[in-house]
Each structure stands twice: as structure tokens, then as C-alpha cells.
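Encoded as C-alpha cells, the structure appears first; notes follow it.
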Amino acid sequence: MLADVGLVGYPNAGKSTLISVISAAKPKIADYPFTTLVPNLGIVRIDAGKSFVVADIPGLIKGAHIGKGLGIQFLRHIERTKVLVFLIEATSENPKADYKVLLNELKLFNKDLPKKPKIIALTKVDIVDEKTLTSLKKISFGKVPTFLISSVSSAGIKKLVAEMWKAVSKPPRRQG
């Protein structure tokens, strides 16, 4: 196991910024793709005796399952996490399509990866207008818990961390 929670998303979706806000990790943060080349780990402390490990997984792109963008190496890290948090930019023209691409890359690499518990965080909500924000609030990803967050303004971060804790605290499902 690499970490309890793996942060999954396209390059520059806000994974490194999020881990720097919720933990003491100090990843390299820059405005260009593939700033993160190896997973960054951070310990998220809930309170005394309650913590979990988060991995900032390098960005995935379409075709990652066949090695594009060092995808296979990155996907192997995702296999070693318990819960997946998909970070999708609020500025995306189609957040649901982005989620489907990421989920499909996981499935094409390992059919069991999409079966892991999932959470969706629509990131960078601090830079979208009210009309876009209203539209984002209406998006449904089925039964997957979804949060609108901003690592810069801290909007939605406490609720997201609480959901991560809830997911990692659940006992593993029995096979059989």
C-alpha cells in the first residue's frame, strides 16, 4: 500500500496544491504539465490518533494505459491506494467527460481499479463565475460523492477531508 488516498486527475488539476493544503507535504507546484514526476505523500491529521496518508499521483492523460505521459508508472501507483479522489478542474468544458476518460484509463489498465471507493472534487472553483458555479452544483456523478473545492480559498476543503476520512475508515469489503 502506497497510501490510503490517491489523488487522480489530469496534469495541473490541483493535486499538488491540495496535498500541500491538507498536509505538511511540500510538493513542487508549477503551471506546466507533469510538474509531479513521482508521487508526493502527505499525512492528513484529523485529530489526536486519527490520520491517513494521501498520495499526489502524477497527472494522467488519455492513453496513459498504453504508456502515454509515463502513464503506466503512474497507474501502478494508483493500484496501491485504497480510495481514489478524482480532481477535475471546474473550468473544464465537460467535467463528466473528463471523469469518464480518467475512469476509462484506470479500467483499461486494471479492470479492478474503478471498483475502489471514489470521491470527486471539482477544483479551482475560486476562478469560475457564478453562472458556472451554479451549473457545477447541478452536475451528478451518480452515487459518487462530489465536492466543489478551492485549495487557494479553502472552500469545501474541510468537507472533502471529512469524506476522505470516512472512506478510509470503512472496513474493507469482503470478497466472496
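The values are calculated or read from the model by the stated rules, or taken from the named source; none is laboratory data. Bear in mind that the values here come from a model prediction, so they are computed numbers and not experimental data. In this analysis, Cβ positions are derived from the backbone assuming ideal geometry, glycine residues included, and neighbour counts consider all displayed protein chains.
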Quiz item: Any idea which of (1) surrounded by 20 or more Cβ atoms within 10 Å (Cβ to Cβ); (2) modelled with pLDDT of 95 or more is the one Leu102 doesn't satisfy?
Solution: (2)
Exercise. Just give me the residues in the range 105-118 being of a type in the set (A, V, I, L, M) and surrounded by 22 or more Cβ atoms within 10 Å (Cβ to Cβ), in sequence order.
Key: Leu106
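Of all helices (runs of 4 or more DSSP H) completely enclosed by the range 74-176, which ones contain at least 3 residues that are among the basic types (Lys, Arg) and farther than 26 Å from Lys50 by Cβ?
Working: elements: 95-109, 130-138, 157-169.
In the range 74-176, the matching helices (runs of 4 or more DSSP H) lie at 95-109, 130-138.
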Practice problem: Give just the number: which of (1) surrounded by 20 or more Cβ atoms within 10 Å (Cβ to Cβ); (2) at negative phi; (3) not polar (S, T, N, Q) does Trp165 not satisfy? | Solution: (1)
